[in-house]
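Worksheet: one structure, shown below.
The values are calculated or read from the model by the stated rules, or taken from the named source; none is laboratory data. This is a predicted model, so every value here is computed, not measured. Note that each Cβ is placed from the backbone with ideal geometry, even for glycine, and that neighbours are counted across all protein chains shown.
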Amino acid sequence: MNKRQTRTFAIAATALSSLVFLGLTLDSHRQFGALTNAENITPEVTHGKDVWHKYNCINCHTLFGEGAYYAPDLTKITQLRGEQYLTAYMRDPSQFYDEQTHRRLMPRQNLSDTEIANLIRFLDWVSKVDNQGWPPRPILVTGTSIPGMDMTPLQQSIAGTETTGTLPPGARPVSGQENPIALGQAAFGRVVPPCSACHSVAPGVNLAGPTLAGIAARAEQVIQAPDYQGTATDVESYIRESIVAPSIHVVPGPMYSSGGQSFMPDTYGKDLTPEQIDQLTAFLSTLK
Amino acid sequence: MQYRSQAVAYWYFAVAMVLFGLQIVFGLLSAAKYLGPDPLLYILPFDVTKVIHTNLLLVWVLTGFMGATYWMVPDESRTELHSVKLAYVQLVLWVVMGVTAIIGYLFRFGTGNKLLEQPLPHKIVIVVVMLMFLYNIGMTIKKSGRFTTTEGVLLLGVGSAAVLYLPALLHYENYTVSIFYRWWTIHLWVEGVWEMIQASFLAYLLIRLSGADREVMEKWLYVIVGLVFIAGILGTAHHYYWVGVPGYWLPIGGFFSALEPLALVGMAIYAYTALRRSGVAHPNTLALHWTLGSAVFTLFGAGLLGLAHTWPSVNKWTHGTLITAMHGHAAFYGAYAMIVMAMITFALPSLTHRRSEQGTAVGFWAFWLQLAGMFGMTLSFATAGIAQVYLERILGLGYLDTQLKIQVHFLMLVATASVFAFGVALFIWDFFRFQPRFETAANTGPADRSVAQMAT
């Protein structure tokens with residue numbers, strides 16, 4: 001090849017690639033509306049996006065996997081955590097996580113209530129964008145899909161639990177002064193026997209008990225179903241009922257119950273304090 | 001130094017050095033925050049140190065590009081710059097823009113759009129500076145009547161960089177659309193036109209450092225540019241994974257970004273054969289280290305480590321983890337930081353008094369410490385990233401719990417980053433410890449002699 005030929009190659013390659021790229025860009029524009037549910041971009045969602053930008057969120061978090069890697073991905077966060085949880089969290093992150101334990105903490109941003117509400121609307125819009133099903137598995141902020149994985153090896157060894165306690169190293173120690181949702185989250189792994197021994201909060205992870213991801217949405221369906229026998233009238237009362245009297249409504253499946261009797265212990269009603277049950281209910285009802 | 005006006009390059013390089021030093025300070029601060037707890041949580045939180053770290057990178061590398069261009073174009077076109085005054089005005093405007101942007105970031109005064117955080121007035125200044133720069137270079141070449149392929153490629157690279165910045169000035173209502181166009185600037189810069197700039201500096205340096213024939217070098221330069229764009233333009237698609245764009249970008253991204261290393265392999269072979277066939281024809285051994293180092297480290301950081309997570313079926317798991325930080329650090333350093341340091345090291349003996357032509361001992365220490373440090377940092381990010389992918393993405397352990405389990409890699413990161421920072425400090429010290437000199441080649445040093453020989 002001489003210099004002229006190589007020059008032609010460079011120009012032709014660039015021109016052809018640019019042409020294809022521009023063509024695909026035009027076609028993408030044709031599809032953006034449907035893929036991103038553009039009709040749902042309300043002024044509130046747009047304001048939420050501005051809040052996201054204003055507080056520089058992307059330089060710690062990722063959204064659609066893009067951003068910095070110092071804080072969790074938030075693409076699907078509104079599908080994992082309800083509005084009450086996210087609102088309480090954004091008002092004061094230190095109620096939910098402890099800097100000494102986690103070695104990092106989100107600084108309080110002093111958002112107004114409108115800013116918080118619209119930011120959640122924006123994140124909810126993000127969570128519904130058709131992005132080829134990413135992430136392939138839910139990205140949890142804390143805790144674990146498989147119980148015990150967040151424990152230290154010593155805690156998992158037979159001899160260890162007495163000296164190290166049952167709290168995983170990543171759990172926030174609570175003083176009792178925190179938000180009830182945060183206290184409920186802690187109680188989930190601490191009551192005896194711990195809820196987390198049989199229930200995961202990760203979608204699709206069914207252990208000895210069914211996953212509790214999305215329990216708030218499912219509860220609404222259950223209490224409206226004609227075969228529902230219990231007395232609950234809303235999500236909170238359904239969750240409370242399931243904790244203290246697990247057999248009133250059983251989740252279908254031979255691994256969860258037999259002869260109408262749930263395998264879940266029915267001891268929580270008398271072993272837990274009313275506050276603990278309130279806190280667990282507050283936490284679980286935010287799992288969308 | 002052959003032409004008096006090349007002295008402007010010294011001030012561009014000096015500014016680049018100061019900003020490079022600052023970039024590393026903010027990088028170290030950010031890395032330390034991974035170890036936590038953070039005593040500066042409410043004074044200088046991670047998002048602030050990180051945004052300053054990445055923005056300083058862009059600013060200092062672009063400053064280096066501009067300085068290196070002002071150094072190279074008079075050499076190539078055998079003439080003085082069109083306007084030295086304009087070059088200085090441009091530098092002052094650029095520094096004011098950069099410094100005020102950084103101060104603004106300290107108070108969260110930015111757009112919050114990744115890598116394009118510059119507020120609108122700053123973006124406009126960036127465009128104005130680019131136009132001044134292009135005008136000055138264009139007029140210089142026009143006046144001289146001598147236009148080499150090497151500078152043609154450089155000019156096209158710099159010009160396209162300015163054009164591609166324009167989508168960043170627009171506002172998009174739809175977050176997905178704004179991501180789509182953000183990559184027109186960022187990706188097409190770093191994996192497109194900046195590679196053109198890098199390749200033309202590489203050609204310039206190789207033509208002068210080795211005995212290679214200009215015709216041959218420039219012929220292959222075209223091939224490299226062709227390869228960069230075949231893969232680079234459609235390779236933008238690898239940024240379109242999982243962000244809400246049509247699914248056909250997935251296979252396109254996989255295929256074309258797998259081709260991206262071709263141009264980088266090309267560059268490495270290019271550098272190797274130039275020296276192998278023609279031998280070294282210049283005493284500046286240190287500049288040769290940086291030149292070859294850049295070609296090889298680009299192949300490693302941008303090529304190999306990019307390829308490692310570019311397939312959609314792999315990227316599905318690694319997307320948004322520290323694997324990206326692994327690739328990002330090695331790629332930017334190899335391709336852009338190193339080529340700027342190569343140009344600086346090449347120009348420096350004739351821009352300063354009493355500096356050894358071969359390169360100083362401090363200079364060699366700076367080179368090897370930086371290389372070792374960056375390699376260690378890359379490994380730290382890689383090991384942390386792999387562990388993160390398995391624990392968090394595959395086994396479903398929570399993000400925060402995972403970060404606790406990979407603390408040891410962050411210790412390794414801080415340790416290797418300190419080695420790197422020491423290398424950078426030595427480079428900066430070596431830059432400033434000799435007085436600048438602004439005489440032309442009337443009292444010719446060996447560097448200028450060989451430049452003069454090559455030019456004739």
Could you tell me whether B:TRP317 is in a helix (DSSP H, G or I), of a type in the set (Phe, Trp, Tyr) and under 22 Å from the mean Cα position of the chain (by Cα)?
no
Helices (runs of 4 or more DSSP H) fully within region B:337-443 counting 1 or more residues that are closer than 29 Å to A:ALA202 by Cβ:
B:361-388, B:399-405, B:407-432
Given the structure, is A:GLN177 more than 22 Å from the chain's Cα centre (by Cα), buried (at least 17 other Cβ atoms within 10 Å of the Cβ), at pLDDT below 85 and not β-branched (Val, Ile, Thr)?
no
If a residue must be out of contact with any Lys or Arg (no Cβ under 8 Å at 6 or more places or on another chain) and part of a loop (DSSP other than H, G, I, E, B), how many such residues does region A:18-44 contain?
2
Filtering region B:250-267 down to residues that are crowded, with 22+ Cβ neighbours inside 10 Å and among the hydrophobic types (A, V, I, L, M, F, W, C), which residue is nearest to the other protein chains (Cβ to nearest Cβ)?
B:PHE256
Qualifying residue in region B:229-249 (condition: within 10 Å of chain A (Cβ to nearest Cβ), assigned to a loop (DSSP other than H, G, I, E, B) and of a type in the set (Val, Ile, Thr))
yes
Residue check, A:LEU16 against (1) facing another protein chain (nearest Cβ under 7 Å); (2) surrounded by fewer than 15 Cβ atoms within 10 Å (Cβ to Cβ), all met but one. Which one?
(1)
Count of residues meeting criterion [within 11 Å of another protein chain (Cβ to nearest Cβ) and either of a type in the set (Gly, Ala, Ser) or under 23 Å from the mean Cα position of the chain (by Cα) (or both)] in region B:382-438:
4
Count, please, the residues in region B:277-294 that happen to be small (Gly, Ala, Ser) and modelled with pLDDT under 95.
3
For region B:109-136, give me the residue count where each residue is of a type in the set (Phe, Trp, Tyr), out of contact with any helix residue (DSSP H, G or I) (no Cβ under 7 Å at 6 or more places or on another chain) and farther than 21 Å from A:HIS61 by Cβ.
1
Looking only at residues in region B:33-47 that are buried (at least 17 other Cβ atoms within 10 Å of the Cβ) and among the hydrophobic types (A, V, I, L, M, F, W, C), which one is farthest from the other protein chains (Cβ to nearest Cβ)?
B:LEU44
Does region B:340-361 contain any residue that is surrounded by fewer than 21 Cβ atoms within 10 Å (Cβ to Cβ), within 13 Å of chain A (Cβ to nearest Cβ) and at pLDDT below 95?
no
Failed item in (1) surrounded by fewer than 20 Cβ atoms within 10 Å (Cβ to Cβ); (2) within 18 Å of the chain's Cα centre (by Cα); (3) of a type in the set (D, E, K, R), with B:ARG146 passing the rest
(2)
Going by the conditions given, is A:LEU154 surrounded by fewer than 21 Cβ atoms within 10 Å (Cβ to Cβ), farther than 28 Å from B:LYS114 by Cβ and more than 10 Å from chain B (Cβ to nearest Cβ)?
yes
Number of positions in region B:69-100 that are among the charged types (D, E, K, R) and buried (at least 18 other Cβ atoms within 10 Å of the Cβ)
2
Going through region B:270-312 in order, the residues found to be within 12 Å of chain A (Cβ to nearest Cβ) and either under 21 Å from the mean Cα position of the chain (by Cα) or without any contact (Cβ under 8 Å) to a residue 40 or more places away in the chain (or both) are B:HIS309
Among B:VAL59, B:VAL89, B:VAL73, B:VAL99, the single one that is of a type in the set (Val, Ile, Thr) and in contact (Cβ under 8 Å) with a residue 60 or more places away in the chain is B:VAL73
Check on B:TRP194, within 11 Å of chain A (Cβ to nearest Cβ), aromatic (Phe, Trp, Tyr) and in contact (Cβ under 8 Å) with a residue 24 or more places away in the chain:
no
Counting just the residues of region A:208-240 that are in a loop (DSSP other than H, G, I, E, B) and of a type in the set (D, E, K, R), which one comes out surrounded by the most Cβ atoms within 10 Å (Cβ to Cβ)?
A:ASP234
The helices (runs of 4 or more DSSP H) lying entirely within region A:57-149 that contain at least 1 residues which are within 8 Å of chain B (Cβ to nearest Cβ) and surrounded by fewer than 22 Cβ atoms within 10 Å (Cβ to Cβ) are A:99-102
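Looking only at region B:313-334, which residues are away from chain A (no Cβ under 14 Å) and either within 27 Å of B:ASP213 (Cα to Cα) or of a type in the set (Lys, Arg) (or both)?
Here is the first cut: in region B:313-334, the residues away from chain A (no Cβ under 14 Å) are B:330-334.
Correct list: B:GLY334 only.
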Is it the case, given these coordinates, that B:GLY254 is free of Cβ contacts under 8 Å to residues at least 60 places away in the same chain, within 23 Å of the chain's Cα centre (by Cα), closer than 25 Å to B:LEU164 by Cα and part of a helix (DSSP H, G or I)?
no
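For the condition at the interface with chain B (Cβ under 7 Å from one of its Cβ atoms) and farther than 29 Å from A:VAL201 by Cα, what is the one hit in A:THR42, A:THR46, A:THR25?
Values: A:THR42 fails: at the interface with chain B (Cβ under 7 Å from one of its Cβ atoms); A:THR25 fails: at the interface with chain B (Cβ under 7 Å from one of its Cβ atoms).
Just one listed residue meets the conditions, A:THR46.
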